[in-house]
Amino acid sequence: MKGSTGKTDMNNVTLRKFTADDVESKVKWINDPVNNEFLHYNIPLDVEKTHQWFENTKDNQNRHDMIIEYGGVPVGVIGIINIGNKKGEYYITLGEHDYRRRGISYEATKLVLDFAFNKLGLQKVWLCVDEKNVAARKLYEKVGFSQEGLLRKDIYFKGEMINRCMYGILREEWINKK
């Protein structure tokens with residue numbers, strides 16, 4: 001994974017369409033307690049129900065679910081969902097622990113934003129993130145997202161009301177950043 005310089009080769013980060021063969025990996029990644037600390041899923045995910053979800057959503061043009069690969073190895077999920085009115089919602093989970101803190105999420109996010117703005121023609125990509133998820137917030141800001149608001153006591157999760165930060169990036173901001 002690492003070259004002689006000790007850095008991850010970002011040319012090895014690719015995205016591909018999520019397939020039925022990826023369901024078991026997604027379930028494993030989402031059910032992992034380290035990965036789902038800030039995910040607001042009804043845990044645990046079930047393989048059979050996730051296969052049903054996939055069959056029901058695979059042709060839905062309002063979402064694009066993808067697998068993050070590093071050197072051909074699936075390491076996480078990413079996508080743009082809730083597409084409408086020229087905007088879409090971003091999500092990511094880097095599921096494989098050994099591939100964290102190497103810049104892979106950053107590179108994958110840049111790839112999915114290029115896809116959203118250049119292939120889908122979106123004008124805005126947005127997301128909501130748990131206020132306490134500082135690492136994710138730093139990633140989003142580094143890529144170019146701006147915090148647009150704080151949703152106070154937005155959802156009830158694990159026995160408490162959770163504040164979530166809303167972030168967005170506009171097409172022109174993305175183009176100017178590049």
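Within the stretch 142-171, the set of residues being touching a residue at least 24 places away in the same chain (Cβ under 8 Å), surrounded by fewer than 16 Cβ atoms within 10 Å (Cβ to Cβ) and out of contact with any strand residue (DSSP E or B) (no Cβ under 7 Å at 6 or more places or on another chain) comprises Lys142, Phe157. Considering only the stretch 1-60, how many residues are farther than 30 Å from Gly159 by Cβ, in contact with a Gly (Cβ under 6 Å, 6 or more places away or on another chain) and at pLDDT 85 or above? Of the residues in that region, 1 qualify. Scanning the stretch 138-152 for residues that are of a type in the set (D, E, K, R) and either part of a helix (DSSP H, G or I) or out of contact with any Phe, Trp or Tyr (no Cβ under 8 Å at 6 or more places or on another chain) (or both) gives Lys138, Glu141, Lys142, Arg152.
Residues of the stretch 82-100 include at least one that is modelled with pLDDT under 95 and exposed (fewer than 13 other Cβ atoms within 10 Å of the Cβ). Taking the conditions exactly as written (within 17 Å of the chain's Cα centre (by Cα), under 25 Å from Ile162 (Cα atoms) and assigned to a strand (DSSP E or B)), does Ile92 satisfy them or not? Here the answer is yes, as Ile92 does meet what is asked. Can you tell me which residue is farthest from Asp130 (Cα to Cα) among those in the stretch 32-47 that are surrounded by fewer than 15 Cβ atoms within 10 Å (Cβ to Cβ) and under 15 Å from the mean Cα position of the chain (by Cα)? Residue satisfying both the conditions and the ranking: Tyr41.
Across the stretch 53-97, the qualifying residues are those that are acidic (Asp, Glu) and free of Cβ contacts under 8 Å to residues at least 40 places away in the same chain, and the one among them that is farthest from Leu15 (Cα to Cα) is Glu55. I'd like the full set of residues that are of a type in the set (S, T, N, Q) and either within 21 Å of Gln61 (Cα to Cα) or assigned to a loop (DSSP other than H, G, I, E, B) (or both), limited to the stretch 102-120. Across the stretch 102-120, the qualifying residues are Thr109, Asn118. I'm trying to understand the selection: among the residues of the stretch 10-31, which are of a type in the set (Asp, Glu) and surrounded by 17 or more Cβ atoms within 10 Å (Cβ to Cβ)? Result: Asp22, single match. For the stretch 23-43, a residue qualifies if it is assigned to a helix (DSSP H, G or I) and either within 25 Å of Arg164 (Cβ to Cβ) or touching a helix residue (DSSP H, G or I) at 6+ places or on another chain (Cβ under 8 Å) (or both), and the qualifying residues are Val23, Glu24, Lys26, Val27, Trp29, Ile30, Asn31.
The values are calculated or read from the model by the stated rules, or taken from the named source; none is laboratory data. Fair warning: this is a prediction, and the values are worked out from it, not measured in the lab. We place every Cβ from the backbone using ideal geometry, glycine too, and count neighbours over all the protein chains shown.
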